[in-house]
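Beneath this line is the structure, given in structure tokens, with notes to follow.
The values are calculated or read from the model by the stated rules, or taken from the named source; none is laboratory data. Please read these numbers as outputs of a predicted model, since none were measured by experiment. Cβ: placed from backbone, ideal geometry, glycine included. Neighbour counts: every protein chain shown.
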Amino acid sequence: MDERVFNFSAGPAVLPVPVLEQIRDEMLCLPGAGASIMEISHRGGPFTEIIHSAEANLRKLLDISDDYAVLFLQGGSRLQFSMVPINLLGEGQSADYILTGSWGKKAMEEAQKEGQTRVAYTAKGSGFDHVPEQGDLDLDPQAAYCHYTCNETIEGVQFNGEPDTGGVPLVCDASSDFLHRKLDISRYGMVYACAQKNAGPSGVTIVIMRKDLAERSDANLPSYLSYANHIKEESLGNTPPTFAIYVVDLVTKWLLNDIGGLDKMFEQNKTKALKLYDVIDAHSDLYKGHAQPSSRSVMNVTFNLPSDELTSKFLGEAKKHKLEALKGHRSVGGIRASIYNAMPVEGVDALASFMKEFAKNA
Ligand code: PMP
């Protein structure tokens, strides 16, 4: 336990310690199962209970109605980049993409392989440093769907509400801020998120989808690529990632029982983020925040130092304080502190103190 660092990794990322402890305690034998979670059938009683519980927890946390299916899929969010257009973008239709960072851009590039896309907004011109206002969007009222990335993990920019797409189904890549606050699911056609940032380990991607949208899935699709098939099979069309779903169940229980729900989680997340942005603003000669203030992410805090040399020094000294995985994404450099739900406030305090100290001596 003493060896655990404050882990600011963007994903796979920090998990709640009580969850890790429970996994450790149940590693050899899941209560009532006679074997570990990794050794039991996905069709038997104990796992059925786990997958039902994970779904029920998600439904409770996000107040998801029966009009929506909750799926546990594989292939990461990247597969969703393709499955979304494969299922939802019909012949002769076009899909809108709102581009506020690298992941949204990748999502659109994958969709272009499947059909026609259109850019409803791009923040590329300013280095993906902000999200648009509603009035900035150029939306196609006929679009098959409109896709956006509510939190761009690499650039650290985040929407604090949903774009209004009228009658066009809104599809959201929520990979890096899923469960950081409550969402009004009824505003979405679909939300997807790989688990390895805020909801569990890598290996499972959660899809919340309006059931009527899945009716668009072509009956001739390969079955793994069809949402309609996954809904029919209740995520058990093939062997699901049982261990990852088990951890999602534990994380969602932690959110419900230890944290007290997503409103409380959001309060904690805002408090943690503010601590770091306050230091950035107080030392703006040294720390240059990447995101414009109104678009700052409460999950991924990104900033640059004036030189590569200072960046390396910052990372090296941070390591000595057990502050790890702060290097920005290889495509943009600089520093990125990912402060997901499970990052304890002590970790953020330790980073904020270190940043102040470093600024004094720089
Ligand atoms: N979208 C976003 C916003 C992400 O942060 C990531 C992962 N960093 C992905 C998509 C891709 O997820 P995966 O690696 O699970 O395919």
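Data table
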| quantity | calculated |
| --- | --- |
| Cβ-Cβ under 7 Å pairs, at least 6 apart or on other chains, region 151-174 side at positive phi, far side within 11 Å of the ligand (Cβ to nearest atom) and not in a strand (DSSP E or B) | G156/S297 |
| Scan of region 131-145 for residues that are over 18 Å from the mean Cα position of the chain (by Cα) and in contact (Cβ under 8 Å) with a residue 12 or more places away in the chain, ordered by number | P132, Q134, D136, L137, D138, L139, D140, P141, Q142, A143, A144, Y145 |
| Identity of the residue in region 89-136, under 21 Å from A291 (Cα atoms) and polar (S, T, N, Q), that ends up nearest to the ligand (Cβ to nearest atom) | S102 |
| Single residue of S353, S331, S295, S338 found to be over 21 Å from the mean Cα position of the chain (by Cα), at negative phi and among the polar types (S, T, N, Q) | S353 |
| Qualifying residue in region 279-288 (condition: crowded, with 19+ Cβ neighbours inside 10 Å, aromatic (F, W, Y), over 25 Å from the mean Cα position of the chain (by Cα) and at pLDDT 95 or above) | yes |
| Restricting region 163-188 to residues that are away from the ligand (no atom under 16 Å from the Cβ) and among the acidic types (D, E), the residue that is surrounded by the fewest Cβ atoms within 10 Å (Cβ to Cβ) | D184 |
| Unmet criterion (only one of (1) closer than 18 Å to G200 by Cβ; (2) out of contact with any Lys or Arg (no Cβ under 9 Å at 6 or more places or on another chain); (3) touching a residue at least 24 places away in the same chain (Cβ under 8 Å)) for N257 | (3) |
| Any chance S226 is surrounded by 19 or more Cβ atoms within 10 Å (Cβ to Cβ), out of contact with any Lys or Arg (no Cβ under 6 Å at 6 or more places or on another chain) and more than 20 Å from S176 (Cβ to Cβ) | yes |
| Unique match (being in contact with a strand residue (DSSP E or B) (Cβ under 7 Å, 6 or more places away or on another chain) and surrounded by fewer than 24 Cβ atoms within 10 Å (Cβ to Cβ)) among I245, I231, I206 | I231 |
| Qualifying residues in region 147-162 (those that are more than 8 Å from the ligand (Cβ to nearest atom) and either acidic (D, E) or buried (at least 24 other Cβ atoms within 10 Å of the Cβ) (or both)) - the one nearest to the chain's Cα centre (by Cα) | C150 |
| Qualifying residue in region 64-76 (condition: within 16 Å of the ligand (Cβ to nearest atom) and assigned to a helix (DSSP H, G or I)) | yes |
| Exclusive hit being modelled with pLDDT of 95 or more and either closer than 16 Å to K360 by Cα or touching a helix residue (DSSP H, G or I) at 6+ places or on another chain (Cβ under 6 Å) (or both), set A273, A318 | A318 |
